[in-house]
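All of the numbers you see were taken from the coordinates with simple rules; none came from a lab. In this text, all values refer to a predicted model and were calculated from it rather than measured experimentally. Note: ideal-geometry Cβ built from the backbone for every residue, glycine included; neighbour counts use all protein chains shown.
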Ligand SMILES: Cc1cc2nc3c(=O)[nH]c(=O)nc-3n(C[C@H](O)[C@H](O)[C@H](O)COP(=O)(O)OP(=O)(O)OC[C@H]3O[C@@H](n4cnc5c(N)ncnc54)[C@H](O)[C@@H]3O)c2cc1C
């Protein structure tokens, strides 16, 4: 970093104004490490290497840092986390302590939820039946996972019962971004569980603050990574970068789609791992309502019985209302339903979410609605999905994903985490881990 003297990098939002003048020197430099991607893993890796006095450059295809974590203020005038929103595993999540030390308003996410059957609140018998279905579903997947059974939940859970679809919705589409046929019990079992926190200003806002001074080359797309010679050459839309090592932090969706060419081609076991640890899809439909439309307080979860749903591919939304005390609510879609609606367009996702809300809250939904926006992470060319998990029978691919190639190509990201995959904190820790390993080599 320091070798580039006169700030041959750009920092966050300054990119657009300063890039044309200062971008060229990096293409003449010989770096210790090029980090591809400025999401949670890439920024943590870059920072770690810089602290260890390595000569590192981080390139990012998009015009902003963050990747799958970003708080928008412009659409609704209130914080809108378009990607990650929950600060999972708060006890060890580095962004909790960063937020607390820097004046952000962080608090523990509520545990309670509100349960509906049709347009009324569930009675106590119904609540008991739901809790039983939820407990049994978790127990079946947990038991299979603990026994090392690398099979889909479809093989181990009950499909019948009034509440099966509702219970499955919470684990499949809402947690994994996948249906029950699309992920492995043992992979799910291995994920770490802890307390979730929220940040009133948005998770993305804390994240952006954490990295506000870290230099990144935005708008720089890695197209080809040549690793057949002594070091690595990264061909971008702006020129070719040379380095001893490269840390690739893009999603498995981007890697499986061969958006970056590797020359020579990666070994088969590596390429297969990109497909084995496949991307789920999880999209927010953000809905802004008249203040306190739902009348159930801040950050309230609404769960409702999914009547007639295919229990293995539930078709519902996960609803978090009055996010951070604002008038914004998130109706989240996951799995094959999310894919179907995303392919039809933003309006289809919004219509579906509003239809679900009407079935609970009636036509007042239309009167109360101010504005809507739906994300489409599967169509974001630099991400191509939301977060990754092992396909049934492909759990071993996690380890293959973590393994470097040719002692100079390293991979880090949420998907390389053994226990905190699909999370920002997991991606961050992987960035630190891999960077420390690379630093020992250079
Ligand atoms: C809707 C949604 C909700 C989520 N909810 C949560 C949550 O509540 N809590 C949580 O902890 N996690 C959540 N996640 C997951 C979390 O956001 C991710 O696990 C994490 O941000 C991934 O970080 P990463 O660095 O591995 O990858 P990314 O964030 O994908 O970073 C990779 C970067 O590489 C860039 N890139 C891609 N191709 C190229 C190229 N060719 N050249 C240069 N750069 C390239 C991308 O633009 C991107 O910025 C959510 C994700 C989504 C989409």
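Cβ-to-Cβ counts within 10 Å put 60, 399, 414 in ascending order as 399, 60, 414, the fewest first. What whole number of Å gives the distance from the Cα centroid of the stretch 78-136 to the Cα centroid of the stretch 330-385? Going from one Cα centre to the other spans 20 Å. Peptide packing for 122-135, 384-397 was compared via the average number of neighbouring C-beta atoms within 10 Å per residue; ordered from the highest value, the list is 384-397, 122-135. Sorting 65, 260, 247 by the number of Cβ atoms found within 10 Å of their own Cβ, with the fewest placed first, yields 260, 65, 247.
Packing around the peptides 41-51, 202-212, taken as the average count of other Cβ atoms within 10 Å per residue, puts them in this order, highest first: 41-51, 202-212. For the listed peptides 429-438, 341-350, a ranking on the average number of other beta carbons within 10 Å per residue, highest first, reads 429-438, 341-350. Listing 360, 296 from fewest to most neighbouring C-beta atoms within 10 Å gives 296, 360. Taking a ≥ b ≥ c as the square roots of the eigenvalues of the Cα gyration tensor, the stretch 199-288 is oblate, since a/c reaches 1.5 or more and a/b is not larger than b/c. The sum of -39500 (n - 2.57) across all DSSP H runs of n ≥ 4, divided by the residue count of the chain, sets its helix-only mean residue ellipticity at 222 nm to -9500 deg cm²/dmol. Across the chain, Cα pairs under 8 Å and at least six residues apart give a relative contact order of 24 percent.
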